[in-house]
1. Run the quick spin-label model on residue 24 and residue 214: label points 7 Å from Cα toward the beta carbon, then report their separation in nm to one decimal.
2. Compute the distance in nm between two label points, each set 7 Å from the Cα along the Cα-to-Cβ direction, one at residue 142 and one at residue 192.
3. Mind scanning 106/242; 106/206; 106/181 and naming the pairs with a C-alpha gap bigger than 18 Å?
4. Would you kindly calculate the mean projected area, averaged across all directions, of the convex hull enclosing the Cα atoms of the range 9-70, in square nanometres?
5. The range 183-252: which chymotrypsin sites (Phe, Trp or Tyr not before Pro) are DSSP loop and have at most 10 other beta-carbon atoms within 10 angstrom?
6. Kirkwood hydrodynamic radius, the chain, all distinct C-alpha pairs: what's the number in Å?
7. Straight distance only, please: which aspartates and glutamates reach the Cα of residue 243 with their own Cα at less than 15 Å, same-chain residues fewer than 8 apart left out?
8. Test of understanding: express the Cα radius of gyration of the range 37-125 as a ratio to 2.2 N^0.38 Å, with N the residue count.
Amino acid sequence: MTKHYIIMSSSYSDGRRIAFDITDESLLNTQAINGIISNIRSDCDDDVPLSTHFIETKDPSWESVVTYDPFFEGVECIQTLSEFSKKIKKDRVLSGLDVANYIASKIPCTHLSLQKLVYLAYADYLCSRSERLFEDNIYAFQYGPVVDSIFAEYKGTGDEYIDHVDDRAVSSASIKQMPAKSRILFAKNGFDKLQSIDKTIEKYGKYSASKLVDITHRAGSPWSIAGGSKAYHQVISDDMIKKGHSVECDKE
């Protein structure tokens, strides 16, 4: 019989659960396993979601694990610890589209209103925690702040409301289908980010697209600092947001 100590997490980019299977008897002790888990958390941050499982099968193969318990069907067994951590780390960082998918799963949005809500969610989080909510740059266009990945995904929707089914993100070439809320929670500091996004939705989600444009177009706003209506694809920097976001907040 072979003992398996299995550490599991998720790869949202690949759209599947992943596992690191420890069968080496020299590593099947508390000190060694704690060291492995510590290394994963060191690479992927302390709040990385992990689960652990211990089973015994007839041989060291992953196939024997799946045969023993159907719970492991569809799980990708990663061969090295470094590759396991690498797959997790890739999904610990959010994109603007991740945030957009979550917001659009919560409330009716057009492309224009969604761009503004994602920007306001980013600005709220940045100004309250001095950290970026997602990695995309935000640009100043004629009608306000724009995130390129959201534009690429939803540009064909025009003034129509964006449809979401079963709280899942739309599929695209770069983003697999996934529960939008779970995607946020899996990111670094995911719970704090989710709470902050929900507060932004509560503050601004009731407004029409034109009202949101009015808010982001106020004199002294980050959009206006970046060039306003004369700007085209000008980055709205974090410093601009920290300087001007209060203008968008104090007159809602």
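1. 6.5
2. 4.0
3. 106/242, as the Cα separations exceed 18 Å there.
4. Its average projected convex-hull area is 5.1 nm².
5. 232
6. Taking every pair of different Cα atoms in the chain, averaging 1/r and inverting gives 20.0 Å.
7. Within reach: 124, 131.
8. Cα Rg divided by the expected 2.2 N^0.38 Å: 1.58.
The values are calculated or read from the model by the stated rules, or taken from the named source; none is laboratory data. Just so you know, these numbers come straight off a predicted model, no measurement behind them. Please note: Cβ atoms are built from the backbone with ideal geometry, for glycine as well, and neighbour counts cover all protein chains shown. Please note that ligands, DNA and RNA were not included when accessible areas were found on the heavy atoms of the full protein model with its side chains. Shrake-Rupley method; radii C 1.70, N 1.55, O 1.52, S 1.80 Å.
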